[in-house]
Amino acid sequence: MANPPRVDEPGSWHHVMNRGVARRTIFETHADMRFLFSRIAREARKARIEVHAYSVLPNHFHFLLRSLTGEMSAAVGWIENQYAHWFNRRRERDGPVFRGRFRSRRVQDRSDLLTVVCYIDRNCVDAGIVDAVQNYPYGSARYYIAGGSGPRWLVRDVVLDLVREVSWGAESAGDAYATLMGRPLTASQRHTIERELVNRRAVKPRFEDLVNSAPPAIRATMHHRIANADGRAHPRRVIAPETVLCAIERFRELEGEWSIRTNRRSGCGWSILACGLLRAACRLTLQEVARRAGVSVSTAFRRVRDHEVLCARDDRYCLRTLAVSEKIAPGAIFSDRGV
């Protein structure tokens, strides 16, 4: 299957990661780290990317980048290629160093940006390497918290300004950053990031099409497919499965049982809606949808298909889908104009 095109526009923000082939350690020495950072510095000097946060662990890396010219993919690809040659040459080794094409996730808004920074910072803590983010020498958190010059290519103004906005009364920007970013992420926040970053092709991003009423949904579907074909698709928020299931259960308790006619048979409307939103809003595979919904894979497939058909043809079903969707993700769609 061909790789989907990246939405890489001038001014767009991206969470970028890659790991070693077969989870191999690929940053073995301080010299390895220095070479990687020197390649990053070169691309920053060429003004193709800005680096706002990073964490480089022994077998993988995470970066928060802003694409300045719409050439982020080329810049990161060049950095990886340069590092792979360095790594193999010093070890008289041949073969791939990284597991494949780097993964990237479009940062959707200002709140998402802070969540991504926290996720990147805490990688070293979650891996058990250090007990506090500021103690890790190959991450950007130490420079945000302790201050100091730091790498010239690390841009700190944007993140610090956001931290100051949401942290009233802090003695300093470093204290505010340590307090805000030192907390572990919730399961919902981790799911949102990892579902898009690690398994970005599991489900096509069609959430917008499934929550609007029938005539607008048809038009939205057409525009969305055109945007996908041209590589201009807007980013979509990923919702945690627990959020979807809890919202549907609350509606079920308030409104009672709901039977709906689909393809010459009757079915439980809540179950169809649950399967449809788990697939579209959470980007779960059919196997994961089946496990969450407590049904077989074939039943999950049938209910997801019924959900899509009902969204296109049944106004009442569309309205109920919209009500549930507004409960779990108000606004649902984010602008593609950056943070």
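By the beta-carbon count within 10 Å of each Cβ, the least crowded to most crowded order of MET33, MET17, MET181, fewest first, is MET33, MET17, MET181. With each label modelled as a point 7 angstrom along the Cα→C-beta vector, the VAL130-ASN88 pair spans 3.2 nm. Each of the peptides 312-319, 98-105 was scored by the mean count of other Cβ atoms within 10 Å over its residues; in descending order, highest first, they stand as 98-105, 312-319.
Counting only Cα atoms, I'd like the Rg/Rh figure for the stretch 1-149, Kirkwood definition for Rh.
Working: Rg = 15.1 Å, Rh = 15.9 Å.
With Rh from the inverse mean 1/r over Cα pairs, Rg/Rh is 0.95.
Database remark: amide H of LEU68 closer than 5 angstrom to the amide H of GLY11, ILE49, GLU50 (H placed geometrically; neighbours at sequence offset of 5 or more, or on other chains; Pro and chain starts carry no H).
Within a 10 angstrom radius of the beta carbon, how do LEU57, LEU65 rank from fewest other beta carbons to most?
Values: LEU57 20, LEU65 26.
Going from sparsest to densest Cβ surroundings: LEU57, LEU65.
Applying a DSSP loop filter and a limit of 13 other Cβ atoms within 10 Å to the trypsin sites (Lys or Arg not before Pro) in the stretch 1-94 leaves LYS46, ARG93. Scoring 239-247, 149-157 by mean Cβ neighbours within 10 Å over their residues and listing the highest first yields 239-247, 149-157. Label sites at LEU254 and THR179, each approximated as a point 7 angstrom past Cα along Cα to Cβ, lie 3.5 nm apart.
None of the figures in this text is laboratory data; all of them are computed from the coordinates on show. Since the model is a prediction, treat every value here as computed from it, not as a measurement. Note: ideal-geometry Cβ built from the backbone for every residue, glycine included; neighbour counts use all protein chains shown.
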